[in-house]
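Notes follow once the structure below has been shown.
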């Protein structure tokens with residue numbers, strides 16, 4: 001089977017839209033590989049911050065992206081032999097990820113790495129440009145969204161459950177700022193592909209969305 005024939009489900013959407021949770025669950029149900037593209041940018045942002053590199057310096061940050069040894073083991077993420085799963089899920093790493101993701105050099109550096117996740121029997125990839133840029137030939141493209149208030153509430157519950165102090169007002173502002181930055185960046189802006197199916201996940205249980213995506217995939221397979 002050629003690489004282009006390996007099935008891909010691309011799930012895109014803004015921050016806290018539920019795409020990571022949905023994509024991971026769909027991949028598990030299908031026995032597919034899973035790519036959390038956001039984790040890659042979080043890793044780059046984390047390492048750049050640790051090395052005190054200006055997050056707007058495309059050349060220096062791109063060098064980091066080109067030379068990282070990244071491995072995924074389920075939900076665990078390793079970088080250069082160091083487990084960083086908890087570190088990259090923090091709000092600081094998330095904000096850094098949004099900044100470095102706007103850098104053309106960084107996106108180019110990570111493009112090959114992302115596409116190499118396309119392996120048999122298939123791949124579920126989530127991010128902000130999986131269907132538009134990284135896997136434009138994906139057999140199924142999903143665009144998840146939710147109201148900013150809903151997404152801020154999800155983030156708030158997530159942080160509180162981990163014992164992290166959080167402010168709903170600050171989280172809502174951060175969500176809105178990220179949406180603006182991601183939608184207006186020059187390099188691969190966040191957008192809904194014309195051939196993507198959109199779901200508003202506001203108030204909808206995760207399993208209901210997972211079931212819908214699985215049904216859509218099965219329907220697409222029958223059409224081939």
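For Cα extents along the principal axes in Å, the listed values are (1) 121, 42, 28; (2) 48, 42, 34; (3) 51, 38, 32; which was obtained by calculation from the structure presented? Read-out taken from this structure: (3).
Its DSSP H runs of at least 4 residues, each contributing -39,500 (n - 2.57), put the calculated 222 nm mean residue ellipticity of the chain at -15500 deg cm²/dmol, to the nearest 500.
For the chain, the relative contact order works out to 33 percent when only alpha carbon pairs closer than 8 Å and six or more residues apart are counted. Result for the chain in a Gaussian network model with C-alpha springs under 10 Å: among 13, 81, 49, the largest mean-square fluctuation is at 81. In this structure, residue 200 and residue 161 have a Cβ-Cβ separation that, at R0 = 22 Å, corresponds to a calculated FRET efficiency of about 0.35. GNM remark for the chain: springs join alpha carbons under 10 Å apart, and the peak mean-square fluctuation among 124, 164, 213 falls on 164.
Between residue 212 and residue 180, full extension at 0.36 nm per residue minus the direct alpha carbon distance yields a gain of 8.7 nm. If you run the Gaussian network model on the chain, springs between alpha carbon atoms under 10 Å, then out of 196, 108, 16 the most flexible one is 108.
Rounded, prolate or oblate: which fits segment 173-213, taking a ≥ b ≥ c as square roots of the Cα gyration tensor eigenvalues, rounded meaning a/c under 1.5, else prolate when a/b beats b/c? Numbers along the way, then the final one.
Values: a/c = 3.80, a/b = 1.58, b/c = 2.41.
Oblate.
In the chain, what % of DSSP beta bridges are antiparallel (nearest 5)?
On the way: 6 of 23 bridges.
About 25 percent, rounded to the nearest 5.
Histogrammed with a bin width of 10 Å, the alpha carbon distances of segment 147-224 distribute as 15, 31, 34, 16, 3 percent, first bin at zero. A simple spin-label model places the labels of residue 51 and residue 29 4.0 nm from each other, with each point 7 Å out along Cα-to-Cβ.
The packing ranking of peptides 148-156, 215-223, highest mean first, is 148-156, 215-223, where packing means the average number of other beta carbon atoms within 10 angstrom of each residue.
Each reported figure results from applying straightforward, stated rules to the coordinates on display, with no laboratory input. What you see is a predicted model; the values in this text were computed from it and never measured. Virtual Cβ from ideal backbone geometry, glycine too; neighbours counted across all protein chains shown.
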